[in-house]
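S.K.: I have a structure here, written as structure tokens, and I will follow up with some questions on it.
The values are calculated or read from the model by the stated rules, or taken from the named source; none is laboratory data. This is a predicted model, so every value here is computed, not measured. Virtual Cβ from ideal backbone geometry, glycine too; neighbours counted across all protein chains shown.
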Amino acid sequence: MTAYADRIARAPRTLSEREQRALLAVTGQHKDGFRDHVIFSLALGTALREHELLALDVGDVFDGGRARRRVQLRVFKRSNDDVGMQEILLPDAVRAKLDKLYAWKRQAGEDLDGGAPLFVSRKGNRLSTRQLRHAFKRWQERAGFDRPFSFHALRHTACTNLYRASRDIRLTQRFARHKAITSTAIYTHPTDEDLLRSLAQLTC
């Protein structure tokens, strides 16, 4: 089996549509979950990696108190060092949530200077990887997940969602910010949900 075929054969673990909805619903229903709700929405809407999310500063995302349409990443995976590819587009739904986050941070007295971290802990420090992973695990439990996921599964889910919606591997490559399209090929793998939808159309 070639390396290319091997990559396609190994589908990444992704959240089902039900699990995505449950995660966003449970975090959106709790005041103490709003920060995490925005993080999860941002991950699902942009396919940002965990360290890329946590490195975001207020000035990276906001201009004059409003969420930007385009965000130029300062911190990203160095396997693709093309800075021109390290710009993300924010979906309108995510921008609306970020605008609410800005207002929430201002009301809470959090630092809104351009160089201040976007996501902070209860002590006001930049949210750490360990804290984010702990929060993700806790929200999965509260959402009633049957199986645990790593935070990176949100990136896999976002890329899979985009490919399923567009069936365009080049578009998905741009979204994932992959240097080589072979890295994107794993998202072309059909999911169980794809199979079930097709089975429902069979005459049997």
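S.K.: If a residue has to be assigned to a loop (DSSP other than H, G, I, E, B) and small (Gly, Ala, Ser) to count, how many in segment 151-201 make the cut?
M.R.: Counting residues in segment 151-201 that are assigned to a loop (DSSP other than H, G, I, E, B) and small (Gly, Ala, Ser) gives 2.
S.K.: Residues to consider are Asp92, Asp113, Asp63, Asp36; find the one that is surrounded by 12 or more Cβ atoms within 10 Å (Cβ to Cβ), at pLDDT 95 or above and either in contact with a helix residue (DSSP H, G or I) (Cβ under 7 Å, 6 or more places away or on another chain) or farther than 30 Å from Asp146 by Cβ (or both).
M.R.: Testing whether each residue is surrounded by 12 or more Cβ atoms within 10 Å (Cβ to Cβ), at pLDDT 95 or above and either in contact with a helix residue (DSSP H, G or I) (Cβ under 7 Å, 6 or more places away or on another chain) or farther than 30 Å from Asp146 by Cβ (or both) leaves just Asp36.
S.K.: Return yes or no: is Lys77 within 18 Å of the chain's Cα centre (by Cα), of a type in the set (Lys, Arg), within 27 Å of Asn161 (Cα to Cα) and outside any helix (DSSP H, G or I)?
M.R.: Against the criterion (within 18 Å of the chain's Cα centre (by Cα), of a type in the set (Lys, Arg), within 27 Å of Asn161 (Cα to Cα) and outside any helix (DSSP H, G or I)), Lys77 qualifies.
S.K.: Can you pull out the residues in segment 112-143 that are over 18 Å from Gly28 (Cβ atoms) and either of a type in the set (Asp, Glu) or assigned to a strand (DSSP E or B) (or both)?
M.R.: Hits for segment 112-143 are Asp113, Pro117, Val120, Arg126.
S.K.: Can I ask one more? Does Ala180 fit the bill of being of a type in the set (A, V, I, L, M) and modelled with pLDDT under 95?
M.R.: Judged against the criteria, Ala180 is a match.
S.K.: To continue, here is another question. So is Thr160 over 20 Å from Phe40 (Cβ atoms), touching a Phe, Trp or Tyr at 6+ places or on another chain (Cβ under 8 Å), of a type outside the set (Gly, Ala, Ser) and surrounded by 15 or more Cβ atoms within 10 Å (Cβ to Cβ) or not?
M.R.: no
S.K.: Considering only residues that are within 16 Å of Ala11 (Cβ to Cβ) and free of Cβ contacts under 8 Å to residues at least 24 places away in the same chain, look in segment 168-189 and name the one that is surrounded by the most Cβ atoms within 10 Å (Cβ to Cβ).
M.R.: Ranking the candidates gives Thr172 first.
S.K.: As an exercise: evaluate Asp99 against (1) closer than 17 Å to Gly33 by Cβ; (2) surrounded by 14 or more Cβ atoms within 10 Å (Cβ to Cβ) and give the number of the one condition it does not meet.
M.R.: So Asp99 meets the others, but not (1).
S.K.: Just checking, which of Ala116, Ala165 is within 23 Å of Glu87 (Cα to Cα), within 17 Å of the chain's Cα centre (by Cα) and aliphatic (A, V, I, L, M)?
M.R.: On inspection, the qualifying residue turns out to be Ala165.
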